[in-house]
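Q: Take this structure first; my questions come after.
The values are calculated or read from the model by the stated rules, or taken from the named source; none is laboratory data. Computed from a predicted model, the values in this text were never measured in an experiment. So basically every Cβ, Gly included, is an ideal-geometry build from the backbone, and we count neighbours across all protein chains shown.
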Amino acid sequence: MTTNNTGSVLLERAGHIAYLTLNRPEALNALDVPMSLAFLRACEELAADSSVRVVVLRGAGRAFGVGGDIHAMAKDPSGTALTLLGNMNPALELLAGIDAPVIASVHGVVAGGSLSMILGCDLAIAAEGTRFNMAYANIGASVDLSCSWSLPRLVGLRKAMQIALLSETFDSAEAQDLGVVNLTVPAEALGASTDALAARIAKGPTLAYGRMKRLMRQSLDNTLSKQLKAEREEFLSLINTLDFKEGLRAFIEKRQSNFTGT
């Protein structure tokens, strides 16, 4: 495994899998300005690396993350918020736009902006006992980091209102029932389960995954006619890829496909 240590964010690679780790365990991975900049730089690096076929987003220490650093914002509310959002928003757009699926692997506490971050991932897996809270209302703030875009799409408008307005804590089982996470596993199995899921996706047709991501994300903003046109264009764009040809051969030959992400 190769590692790029940028302090509060770690970017590690194991083959075609990239691990993006929030690394302020002493602060429960609270997002401050240096961390937001490190996160942006790591996402820029990922977006420029076509060899990455899946990204795992996780947190070091006892929690995935508690959202923004309240102490930093209390000292300079406007400046801190502007800088944090100026770094985090383009970073999250980069993660959403890459072909590689992004898996959130969470444990401990997932609150505020950290919850917003995982809502924007393509898949999420949680350790049993993980606690979730939108938390913004508790400090008199509105949501950010794409929460208002992602949450209603995942759970529906009325439930999204409940989660955001009441800011009540819910556990990993309810998170799975709501669709906030896809899978809940025993805490001691989180790492292995995440690795297994990442390895499975890393062997898949990365370019096709990227098309699927874009189609799914734009679908609720399109008419049926526009979405059918978009599906047609994306499908045709894959016809001459090596993975599509391999997939057809493997189906005909009744064997497992050997995709290369090209």
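Q: Restricting to region 1-58, name every residue that is in contact with a Gly (Cβ under 6 Å, 6 or more places away or on another chain) and either at pLDDT below 95 or not aliphatic (A, V, I, L, M) (or both).
A: Once the filter is applied, which keeps residues that are in contact with a Gly (Cβ under 6 Å, 6 or more places away or on another chain) and either at pLDDT below 95 or not aliphatic (A, V, I, L, M) (or both), region 1-58 yields 25, 29, 53.
Q: Check 142, 172, 148, 167 and return the single one that is among the hydroxyl-bearing types (Ser, Thr, Tyr), surrounded by fewer than 21 Cβ atoms within 10 Å (Cβ to Cβ), more than 29 Å from residue 47 (Cβ to Cβ) and outside the structural domain of residue 226 (by TED's automatic domain parsing). Let's see the steps before the verdict.
A: Working: 142 fails: more than 29 Å from residue 47 (Cβ to Cβ); 172 fails: surrounded by fewer than 21 Cβ atoms within 10 Å (Cβ to Cβ); 148 fails: more than 29 Å from residue 47 (Cβ to Cβ).
Among 142, 172, 148, 167, only 167 is among the hydroxyl-bearing types (Ser, Thr, Tyr), surrounded by fewer than 21 Cβ atoms within 10 Å (Cβ to Cβ), more than 29 Å from residue 47 (Cβ to Cβ) and outside the structural domain of residue 226 (by TED's automatic domain parsing).
Q: Follow-up. Scan 248, 215 and give me the residue that is in contact with a helix residue (DSSP H, G or I) (Cβ under 7 Å, 6 or more places away or on another chain), in a helix (DSSP H, G or I) and either outside the structural domain of residue 102 (by TED's automatic domain parsing) or touching a residue at least 40 places away in the same chain (Cβ under 8 Å) (or both).
A: Of 248, 215, the one residue that is in contact with a helix residue (DSSP H, G or I) (Cβ under 7 Å, 6 or more places away or on another chain), in a helix (DSSP H, G or I) and either outside the structural domain of residue 102 (by TED's automatic domain parsing) or touching a residue at least 40 places away in the same chain (Cβ under 8 Å) (or both) is 215.
Q: Within region 251-262, can you find the residues that are farther than 19 Å from residue 212 by Cβ and surrounded by 11 or more Cβ atoms within 10 Å (Cβ to Cβ)?
A: Quick first cut of region 251-262, residues farther than 19 Å from residue 212 by Cβ only: 252-256, 258.
Across region 251-262, the qualifying residue is only 258.
Q: Does residue 78 meet the test of being without any contact (Cβ under 8 Å) to a residue 24 or more places away in the chain and loosely packed, with under 14 Cβ neighbours inside 10 Å?
A: yes
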